[in-house]
Amino acid sequence: MLKNRSTALLVLLIFSIFIFPFYRHDSNDLYEAVEVDEISIGYYQSTTCNISLYEVYSKNIRSKNIQYNAHNYAGLECFGKITGVDKVADTFIVSIGTNSSFSFIIQLIIWSLFLFLIKKSNRKKINPTNLSLLIIPIIFTSQHILEKRFYAAQNKYFDPDISFGNYYLLTIFLSLYVFCILINILLEERLSNLINYIPFTFIFIGTFNGLNLNFYILLLSIMGINNLKFYGFNTLLNKIYLVFSFFWIFSRNDNYTFFDGDKIRGMVNTSNTLSSQMYWIIVIALLLNGLSFLYAKSSINITLLIKNFLISGSLIVLFGLLGANSNLVNILNLYMFGQNKTGMRSFDSIAGNTWRGFSASAESAGEFYAFILLFYIVCLFYKKINFRYLDLPMLLAVSFGLYKTNNFAATISLIIFSILIILYPKLRNIVSVKSIFLGIIIVTVSFGLFIVNKYNYSYLSKELLYEASQHANFYPNLTNYEKYLLITEYFDAGDVNTLFNIDNPGRASSTLSRLIDISTPNVNIPLLPNSIPILSTTAILINRTEMWGIFIAKYSPNLVETLFGNGPYQLNNYLYVQEIRLDLPESKLSSLFLPHSSLADLIIFSGLFGVLVFLYISIKFLTKNYQNNYLKILSVFLLVNFLKSDSLLYTNSVLLLFLSGAVVKLSTSSDD
Amino acid sequence: MEQNLNNIENSCGVAPEGISYFDPGNDPNFVFVNDPNFIKVTLYDSEGNVAIMNSWFECAHYVNGGWSNAQILNYQGDRIMFLFASLFAVISSIYYFSNIRKKYVKK
């Protein structure tokens with residue numbers, strides 16, 4: 001009873017902290033809220049920072065043509081207040097002041113307090129190191145100096161000078177210090193249980209308003225310091241990472257390109273300088289150590305985990321739909337859950353390149369929903385959980401969420417993997433494992449032959465490189481249409497040499513040039529299939545020709561970058577170095593084009609050696625014998641889906657992949 | 001001009017007998033003469049700069065240039081947040097470290 005009461009009080013406290021800044025107003029002041037219309041625009045423009053969001057909303061509760069937008073650059077005095085009204089087409093855009101520094105304090109408090117709702121574990125208490133109280137604030141405050149171009153545009157108080165009179169940096173430092181204290185208290189008794197709440201990272205996205213920082217990166221960094229303290233630096237993971245860091249640092253030339261983070265804000269390097277590179281190397285090292293610490297100290301409760309997945313999935317659907325229906329909920333969702341972008345304002349499946357704000361991409365949202373359903377099916381089938389009628393509405397909500405993400409690949413893979421789960425135990429008794437694998441290979445080859453017969457082989461093998469060439473900066477003096485005709489002509493004639501080396505020398509990216517070389521080998525080894533037609537055919541089958549084509553046209557690494565990558569979460573070179581001319585409609589030219597494959601992301605960050613290390617870890621994990629081997633199917637499901645999505649760029653998707661691996665080894669089916 | 005006169009009188013008071021305001025222009029040799037009978041007035045500009053006026057004429061000239069006796073306080077949000085964060089840091093430190101101490105005493 002007492003526990004319930006304290007939980008209720010904590011929830012009440014959280015919501016009060018959350019709501020108060022948007023509610024606070026003086027009813028007796030001169031500035032009253034009025035109905036938002038064309039006449040009142042001037043009134044709102046001249047009374048900025050005086051009328052609260054609550055006042056305006058309550059006065060315009062029935063208006064459907066009002067859109068609330070967060071305005072980070074406002075001062076503290078304007079927090080939660082109207083900073084301006086504009087009319088765009090038929091919609092009134094009401095700007096709400098949300099100063100980044102104050103948002104940081106509020107969001108840090110709210111999300112940390114939410115963690116205290118997690119049940120205490122019965123396992124032995126740990127004593128977290130107090131080193132984090134100093135190291136974490138130093139590292140993460142330094143980000144404001146190292147990525148100053150990003151922060152200068154986000155906060156009116158921004159000041160990068162290191163001095164005791166710099167209240168901006170001191171506030172960030174002290175807030176992080178308080179956060180570390182809260183997390184140390186939390187880790188002491190709740191650490192082993194924390195992993196069971198990873199599903200909630202999909203509703204609490206955790207991206208700080210106006211900051212290039214994610215809450216979970218902070219949390220894992222603290223655990224990372226604890227890992228280094230308890231287990232030391234001398235692990236294989238750290239040694240490999242050190243080798244990569246060496247190449248990332250010493251192959252770097254300062255390049256003053258800037259990426260504003262866009263929808264992946266929170267876990268991306270916005271700057272292209274050595275100092276910001278070093279910051280991200282340290283942060284990702286801590287994050288990897290943090291995951292290692294979490295793995296070592298956790299115990300998974302399958303029943304609780306499934307329940308949390310269902311609750312989280314349903315809540316995303318609920319708040320997503322509420323946000324689409326109410327402009328107020330929409331802006332509050334952004335602030336409360338730490339969304340990267342505001343949620344959709346319609347009930348369409350996809351809009352504005354984001355999925356209801358809760359996911360930067362519909363693909364990763366689809367993967368999450370399909371993962372929940374697959375996890376439920378696996379656990380139900382292997383009798384790890386019992387079906388409860390209460391699960392049914394939540395399962396329906398999750399299925400609806402999956403349907404709304406339009407993620408065809410996730411849906412199809414969910415169906416195939418579910419069939420495999422059901423059939424595998426029955427088949428295993430009749431047919432040997434070897435025969436099953438042989439069958440899969442025969443089916444794949446037959447399917448491949450069918451596809452080759454259906455389409456033209458020449459088309460299948462060249463389409464990806466043809467698409468990439470269309471986006472390259474070929475024939476700069478011709479129009480896009482003329483360029484398209486010439487490239488088509490050369491590809492049809494099979495004369496890529498003239499196109500690349502005579503007409504356009506040095507204009508193709510190094511990736512495109514290399515792939516052209518591989519596709520036209522000087523020595524033809526019989527029966528050895530060329531990798532390019534396989535890649536091209538795969539791209540066609542999963543509808544990735546355009547996106548992968550753009551990636552090939554854009555990515556132009558040198559030798560060291562090819563082998564070791566550009567550094568952790570460093571996309572600047574990929575986005576800005578190679579000159580290209582996209583063959584796309586005018587309206588799409590300014591969009592952000594990510595590679596649309598986590599494998600490609602991994603190549604950008606850690607190069608071919610990074611991919612090899614990842615493959616080695618994956619194969620080792622998949623071939624090792626664990627008690628809950630059947631749960632490996634979850635990791636395979638995610639890895640397959642990650643091949644065609646950028647999920648590696650999203651903190652919560654990375655955590656989901658980690659969880660899918662951890663669950664194989666750490667799970668128990670009963671409650672604590 | 002009437003508005004200006006009002007502003008001048010609000011900030012500097014009524015003009016002493018025999019003195020009226022005229023624009024000294026950009027004369028570099030112009031010197032404001034101190035008036036020992038004038039009660040000194042402090043004026044502020046929009047950037048928070050402070051100037052002390054020693055005569056009514058000087059005061060009128062500054063007011064004409066946009067200065068005022070009303071200090072425009074810049075809302076120092078960063079300072080307020082710093083105080084807020086400091087308070088939290090002190091409270092949480094006391095709680096956290098006293099708890100650690102208790103644990104060691106128990107041991």
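Read the figures in this text as sums done on the coordinates, not as results from a lab. The shown structure was predicted, so the numbers you read here are calculated from the model rather than taken from an experiment. Positions of Cβ are backbone-derived with ideal geometry, glycine not excepted, and every protein chain shown enters the neighbour counts.
Let's see how each residue does on (1) within 29 Å of the chain's Cα centre (by Cα); (2) within 14 Å of chain B (Cβ to nearest Cβ); (3) part of a loop (DSSP other than H, G, I, E, B):
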residue: A:LYS87; (1), (2), (3): no, no, no
residue: A:ILE96; (1), (2), (3): yes, no, no
residue: A:SER101; (1), (2), (3): yes, yes, no
residue: A:PHE104; (1), (2), (3): yes, yes, no
residue: A:LEU108; (1), (2), (3): yes, yes, no
residue: A:LEU113; (1), (2), (3): yes, yes, no
residue: A:LYS125; (1), (2), (3): no, yes, yes
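Could you say which residue among A:GLN67, A:GLN107 is under 17 Å from A:LEU332 (Cβ atoms), in contact (Cβ under 8 Å) with a residue 24 or more places away in the chain and surrounded by fewer than 18 Cβ atoms within 10 Å (Cβ to Cβ)?
Working: A:GLN107 fails: surrounded by fewer than 18 Cβ atoms within 10 Å (Cβ to Cβ).
That would be A:GLN67, the only listed residue that is under 17 Å from A:LEU332 (Cβ atoms), in contact (Cβ under 8 Å) with a residue 24 or more places away in the chain and surrounded by fewer than 18 Cβ atoms within 10 Å (Cβ to Cβ).
Within the stretch A:32-58, how many residues are among the β-branched types (Val, Ile, Thr), within 18 Å of A:HIS71 (Cβ to Cβ) and part of a loop (DSSP other than H, G, I, E, B)? Number satisfying all stated conditions: 4. Please find, among A:TYR389, A:TYR457, the residue that is over 27 Å from the mean Cα position of the chain (by Cα) and touching a residue at least 40 places away in the same chain (Cβ under 8 Å). Exactly one of A:TYR389, A:TYR457 is over 27 Å from the mean Cα position of the chain (by Cα) and touching a residue at least 40 places away in the same chain (Cβ under 8 Å), namely A:TYR457. Taking first residues from the stretch B:74-99 that are at the interface with chain A (Cβ under 8 Å from one of its Cβ atoms) and surrounded by fewer than 18 Cβ atoms within 10 Å (Cβ to Cβ) and partners that are in a helix (DSSP H, G or I) and acidic (Asp, Glu), the Cβ contacts under 6 Å between residues at least 6 apart in sequence or on separate chains come to B:TYR75/A:GLU77. Scanning the stretch A:11-31 for residues that are of a type outside the set (D, E, K, R) and either in a loop (DSSP other than H, G, I, E, B) or more than 39 Å from the chain's Cα centre (by Cα) (or both) returns A:HIS25, A:SER27, A:ASN28, A:LEU30, A:TYR31. In the stretch B:4-36, the qualifying residues are those that are more than 24 Å from the chain's Cα centre (by Cα) and polar (S, T, N, Q), and the one that is nearest to B:TRP56 (Cα to Cα) is B:SER20. When the stretch A:414-440 is filtered for residues that are loosely packed, with under 10 Cβ neighbours inside 10 Å and among the aliphatic types (A, V, I, L, M), only A:ILE430 remains. Within the stretch A:155-176, if we keep just the residues that are part of a loop (DSSP other than H, G, I, E, B) and buried (at least 22 other Cβ atoms within 10 Å of the Cβ), the residue that is farthest from the other protein chains (Cβ to nearest Cβ) turns out to be A:ASN155. Looking across the stretch A:58-108 at every residue that is in contact with a helix residue (DSSP H, G or I) (Cβ under 6 Å, 6 or more places away or on another chain) and among the polar types (S, T, N, Q), the one that is farthest from A:LEU176 (Cα to Cα) is identified as A:GLN67.
Scanning the stretch A:461-479 for residues that are out of contact with any Ser or Thr (no Cβ under 6 Å at 6 or more places or on another chain) and among the polar types (S, T, N, Q) returns A:SER469, A:GLN470, A:ASN473, A:ASN477, A:THR479.
Do we find a residue being over 25 Å from A:LEU559 (Cβ atoms), surrounded by fewer than 19 Cβ atoms within 10 Å (Cβ to Cβ) and polar (S, T, N, Q) anywhere in the stretch A:499-514? The answer is no; no qualifying residue exists.
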